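The values are calculated or read from the model by the stated rules, or taken from the named source; none is laboratory data. None of the values given here were measured: they were computed from a predicted structure. Every residue, glycine among them, receives a Cβ derived from its backbone with ideal geometry; neighbour counts consider all protein chains shown.
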């Protein structure tokens, strides 16, 4: 049996610590220069976007109306019918063509929206009124400014009897696509009305001042 002095024991301990330090340094250096590879993991509930998604039995179908005023109304939220399962976007567009007034929104295989265009105003904007002119007289039109599809009546007020500023506004409102956004906002405040009652109050004041 070999007995070591106190100084010899300390020396041996330092040698052992040095060897372990050298091994640990080598292993750590190898890890830094050649790190292990990791595979990316999928995020649950966030499927990768696809250029041409396919309808599945789990796809939720939304049906909507698009009115002339730009407002939409959701008609239903339902499971897709069986005859649509397996169809890609192109096939859906072929079944619901734009030529028949359809807009297909299908960018996520979980949701499909079929929107049909309606040639009428929504229930709210149907109550709106705005002023314009017809054959030299003040005319009342249904809906917000910009929609002249339905003239409700012609007032017995000659355009020439109005103040020049109001005459200009009635001219501008009939060619809204040629006006600046600032002018459009001004016209909306002054000759667009959210109800028949507000319109009639304006016309009464107009009669008194003309």
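Tabulated results
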quantity: Segment 107-116, residues that are touching a helix residue (DSSP H, G or I) at 6+ places or on another chain (Cβ under 9 Å) and either closer than 16 Å to residue 76 by Cα or not in a strand (DSSP E or B) (or both); calculated: 112, 114, 116
quantity: Pick from segment 121-159, criterion in contact with a strand residue (DSSP E or B) (Cβ under 8 Å, 6 or more places away or on another chain) and assigned to a helix (DSSP H, G or I), ranking: nearest to residue 196 (Cα to Cα); calculated: 126
quantity: Any hit, segment 149-156, residues being modelled with pLDDT under 95, farther than 23 Å from residue 66 by Cβ and loosely packed, with under 14 Cβ neighbours inside 10 Å; calculated: yes
quantity: Lone qualifier among 187, 203 - being surrounded by 15 or more Cβ atoms within 10 Å (Cβ to Cβ) and under 15 Å from residue 157 (Cα atoms); calculated: 203
quantity: Residues (at pLDDT below 95 and in contact with a helix residue (DSSP H, G or I) (Cβ under 6 Å, 6 or more places away or on another chain)) located in segment 54-68; calculated: none
quantity: Condition check for residue 201: in contact with a strand residue (DSSP E or B) (Cβ under 9 Å, 6 or more places away or on another chain) and closer than 30 Å to residue 66 by Cβ; calculated: no
quantity: Conditions (1) touching a helix residue (DSSP H, G or I) at 6+ places or on another chain (Cβ under 8 Å); (2) part of a strand (DSSP E or B); (3) outside the structural domain of residue 198 (by TED's automatic domain parsing); number of the one not met by residue 78; calculated: (1)
quantity: Of all residues in segment 117-137 being crowded, with 18+ Cβ neighbours inside 10 Å and in contact (Cβ under 8 Å) with a residue 60 or more places away in the chain, the one that is farthest from residue 73 (Cα to Cα); calculated: 131
quantity: So residue 82, is it out of contact with any strand residue (DSSP E or B) (no Cβ under 8 Å at 6 or more places or on another chain) and surrounded by fewer than 13 Cβ atoms within 10 Å (Cβ to Cβ); calculated: yes
quantity: Segment 84-99 residues that are at negative phi, paired with ones that are part of a helix (DSSP H, G or I) (beta carbon under 6 Å, 6 or more apart); calculated: none
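Here's the yes/no breakdown for (1) crowded, with 18+ Cβ neighbours inside 10 Å; (2) over 29 Å from the mean Cα position of the chain (by Cα); (3) modelled with pLDDT under 95:
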position	(1), (2), (3)
161	no, yes, yes
177	no, no, yes
182	no, no, no
192	yes, no, no
